[in-house]
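J.: To start, I am sharing the structure in question, which I have written as structure tokens.
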Amino acid sequence: VIRSIQRFAIDSLKNPYTNHLSLGYETLLTSDIKVGMTGIMRRGRNQPSSDAVTVSPIEVLQVQRTEGRSRYNGLEFTLQQSPRNRFEGLISYTLGKSEDEAAGVLSPLQRRFSFGPADFDQRHTFMGTGTVTLPTNVRITGLVRAAAGRPFSIVNSLPTIQAAFVDRDGNIVGRNQEHLPSNWTMDLSVGREFGPVGRRARLFGQIINATN
């Protein structure tokens, strides 16, 4: 007994493209401290997408298309300390939102949830880095990153709802409505340069994710 048939097809594909616009402003707070703000808007068209077309109760046609879109809006703030008194540093914070089409083929019921938060969407991202140069010309650099958790979907495998995205109570919802916990890491680097000007070599060591 044939319970289901899946056929695959490729639609008339187009070249994808992206429109990008960024506008920023920066100014000096003091002679060696600079603050800046940048707004970013990005729109993608003809992005890879797919569709499931129901031909009969047991047959579905999986069609690859380029009818997807992507969207990103972001606002970034920076505070930078130029090298002075053997210290330099940079702090940045980004508030962003990324949306795109779901990867892979979706069932007809899921299709309306295709456009939503991107898998790599992180609403809040913070980064701070600072470098101290000791009197012995040894440079110590610390880098701290913190970010909101990325989204994910809960997929229900019950055939009665055709694997639609659901929440923790089983209700049908959009794609990527759940979020992983926030995360943060810290990296350290110690290094020193040797040799004459123009032919200097740098010896350094790094500890990635020092706090595990």
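The values are calculated or read from the model by the stated rules, or taken from the named source; none is laboratory data. Nothing here was measured: the structure is a model prediction, and the numbers come from that model. Cβ sites come from the backbone with ideal geometry, for glycine too, and all protein chains shown count toward neighbours. With ligands, DNA and RNA removed, areas are computed over all heavy atoms of the protein, side chains included. Shrake-Rupley method; radii C 1.70, N 1.55, O 1.52, S 1.80 Å.
J.: Would you be able to say whether some residue in segment 63-79 is more than 30 Å from Leu134 (Cα to Cα) and open to solvent by 90 Å² or more (accessible area, probe 1.4 Å)?
T.: Yes, segment 63-79 contains a residue that is more than 30 Å from Leu134 (Cα to Cα) and open to solvent by 90 Å² or more (accessible area, probe 1.4 Å).
J.: Asn85 is checked against (1) within 30 Å of Val53 (Cβ to Cβ); (2) free of Cβ contacts under 8 Å to residues at least 12 places away in the same chain and fails just one. What number does that condition carry?
T.: It fails just one condition, (1).
J.: Has segment 68-75 got any residue that is more than 25 Å from the chain's Cα centre (by Cα) and among the polar types (S, T, N, Q)?
T.: No: zero hits.
J.: Moving to a separate point now. Taking segment 98-132 on its own, how many of its residues are more than 30 Å from Ala9 (Cα to Cα) and open to solvent by 30 Å² or more (accessible area, probe 1.4 Å)?
T.: 8
This table checks each residue for (1) over 30 Å from Val173 (Cα atoms); (2) surrounded by 14 or more Cβ atoms within 10 Å (Cβ to Cβ); (3) without any contact (Cβ under 8 Å) to a residue 40 or more places away in the chain; (4) hydroxyl-bearing (Ser, Thr, Tyr).
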position	(1), (2), (3), (4)
Ile5	no, no, no, no
Tyr17	no, no, yes, yes
Leu23	yes, no, yes, no
Gly36	yes, yes, no, no
Arg43	no, yes, yes, no
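J.: Sort through Gly149, Gly205, Gly170 and tell me the only one that's over 27 Å from the mean Cα position of the chain (by Cα), part of a loop (DSSP other than H, G, I, E, B) and either of a type in the set (Gly, Ala, Ser) or surrounded by 15 or more Cβ atoms within 10 Å (Cβ to Cβ) (or both).
T.: After ruling out the rest, the residue left standing is Gly170.
J.: Would you point out the residue of segment 174-212, among those that are touching a Phe, Trp or Tyr at 6+ places or on another chain (Cβ under 9 Å) and basic (Lys, Arg), that is nearest to Thr125 (Cα to Cα)?
T.: Arg175
J.: Is it the case that segment 179-200 has a residue that's in a strand (DSSP E or B) and closer than 20 Å to Pro117 by Cα?
T.: Yes, because at least one residue in segment 179-200 is in a strand (DSSP E or B) and closer than 20 Å to Pro117 by Cα.
J.: Between Arg139, Arg168, Arg200, which is touching an Asp or Glu at 6+ places or on another chain (Cβ under 7 Å) and on the phi < 0 side of the Ramachandran plot?
T.: Exactly one of Arg139, Arg168, Arg200 is touching an Asp or Glu at 6+ places or on another chain (Cβ under 7 Å) and on the phi < 0 side of the Ramachandran plot, namely Arg200.
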